[in-house]
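Following: one structure in structure tokens, then a few remarks.
Nothing in this text is a laboratory measurement; each read-out follows from the coordinates by a stated rule. All values reported here derive from a predicted model rather than from experimental measurement. Here the Cβ positions follow ideal geometry from the backbone for every residue, glycine too, while neighbour counts run over all protein chains shown.
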Amino acid sequence: MRKHPVILGLVLLIALGAFLYFFFYRAGAQSSSVAAKGFSLNDKIGVVPVEGVITDSIEITENIDEFREDSSIVAVVLRIDSPGGGVAASQEIYDAVVKLKTKKKVVISMGSVAASGGLLIACAGDKIVANPGTITGSISAIMQFANVEELLKKVGVKSSVVKSGRYKDIGSPMREMTPEERIIIQELVDDIYNQFIDVIVRDRRMTRDQVVAIGDGRVFTGRKAKELGLVDQLGDMAAAAKLASELAGKNGEYDLVYPKKKHPSFFDYIFESAANQLSQSLKEKAENWGGVSYLYHP
């Protein structure tokens, strides 16, 4: 080898590359429990996690669509542990579940929190299972605006706006909202709220008066939600999976299958991680600044 430094270098390079690939592949596999199970003769029930504040629907809807087209999956459990989030993103996930339900039985498993947009998504399932202590409800829509006008005056900063429409800068943090603008925003929020009410009335088979009576933003425990008709039964994830198997007409012998995790290359792992962190940070800042949401925010 000393007489052939080129060969030695190539061997070391190949060894280093193999080590890095193995390290990051295993790191990706071990960092998540959502890897699909291997070969099994048991029925397979897909599990789609919906976790955290909902700011985007793409990954979740892709996972739902994948299970919809997978003939080996006999039923699906949506494990929701989310306070809700963006209206459009929540509605897109809801629509994906409705589409999934045309092919597979879908059971919702509520975790610690499944409120507002999380509850909206849950309504798309065939059955909803919640823990007695699950926090759910928050049937409402919210839109928040900051007003820094007085702060800017104190530091000597003035704002100038040139606009082509009377309401183009509606909700601007640089000035107080006018009474006319507040009416416009209230109508917007009321329309989105009524869309939420419509979903619950239709999917939970409740009267509009029943839903409106509890649809003031308050939250409930899973046990109270069952009394009100928002939840079908009490139980944990295992109970939800068992129910999904029963609804699919199976014998109860099943394996839980989670969406596959993609294993990126070394450079993809580095650059995508940085990009995702930056993107998530910007999204969170945008959500906090304004925008209408189905969100439980104590």
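Among 124, 114, 146, which is the only one that is in a loop (DSSP other than H, G, I, E, B) and under 25 Å from residue 246 (Cβ atoms)?
Numbers: 114 fails: in a loop (DSSP other than H, G, I, E, B); 146 fails: under 25 Å from residue 246 (Cβ atoms).
Going through 124, 114, 146 in turn, just one is in a loop (DSSP other than H, G, I, E, B) and under 25 Å from residue 246 (Cβ atoms): 124.
Residues of region 216-231 being within 21 Å of the chain's Cα centre (by Cα) and either crowded, with 18+ Cβ neighbours inside 10 Å or hydroxyl-bearing (Ser, Thr, Tyr) (or both), which ones? Steps first, please.
Residues of region 216-231 within 21 Å of the chain's Cα centre (by Cα): 217-222, 225, 230-231.
219, 220, 221, 222, 225, 230, 231 - these are the residues of region 216-231 that are within 21 Å of the chain's Cα centre (by Cα) and either crowded, with 18+ Cβ neighbours inside 10 Å or hydroxyl-bearing (Ser, Thr, Tyr) (or both).
When both residues are 6+ apart or on different chains and their Cβ atoms are under 6 Å apart, which pairs have a first residue that lies in region 48-67 and is in contact (Cβ under 8 Å) with a residue 40 or more places away in the chain, and a second that is of a type outside the set (Phe, Trp, Tyr) and assigned to a loop (DSSP other than H, G, I, E, B)?
Every condition considered, the pairs that remain are 63/259.
Return the only residue of 99, 153, 103 being of a type in the set (D, E, K, R) and not in a helix (DSSP H, G or I). First the steps, then the outcome.
Working: 99 fails: not in a helix (DSSP H, G or I); 153 fails: not in a helix (DSSP H, G or I).
On inspection, the qualifying residue turns out to be 103.
Answer with yes or no whether residue 106 is buried (at least 24 other Cβ atoms within 10 Å of the Cβ) and over 14 Å from residue 196 (Cβ atoms).
Details: buried (at least 24 other Cβ atoms within 10 Å of the Cβ): yes; over 14 Å from residue 196 (Cβ atoms): yes.
Spelling it out, residue 106 is indeed buried (at least 24 other Cβ atoms within 10 Å of the Cβ) and over 14 Å from residue 196 (Cβ atoms).
Say we look at region 47-95 and pick out the residues that are within 15 Å of residue 260 (Cα to Cα) and of a type in the set (Asp, Glu); which of these is nearest to the chain's Cα centre (by Cα)?
For region 47-95, the residue satisfying everything is 59.
Residue-wise test of (1) loosely packed, with under 13 Cβ neighbours inside 10 Å; (2) on the phi < 0 side of the Ramachandran plot.
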{"site": "116", "(1), (2)": "no, no"}
{"site": "138", "(1), (2)": "no, no"}
{"site": "148", "(1), (2)": "no, yes"}
{"site": "154", "(1), (2)": "yes, yes"}
{"site": "176", "(1), (2)": "yes, yes"}
{"site": "187", "(1), (2)": "yes, yes"}
{"site": "191", "(1), (2)": "yes, yes"}
{"site": "201", "(1), (2)": "no, yes"}
{"site": "204", "(1), (2)": "no, yes"}
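Restricting to region 77-94, and then to whatever is among the β-branched types (Val, Ile, Thr) and outside any strand (DSSP E or B), can you tell me which residue is nearest to residue 130 (Cα to Cα)? Break it down stepwise before answering.
Initial filter on region 77-94 (among the β-branched types (Val, Ile, Thr)): 77, 80, 87, 93.
Filter once more, so that each one left must be outside any strand (DSSP E or B): 87, 93.
Values: 87: 23, 93: 19 Å.
Here the answer is 93.
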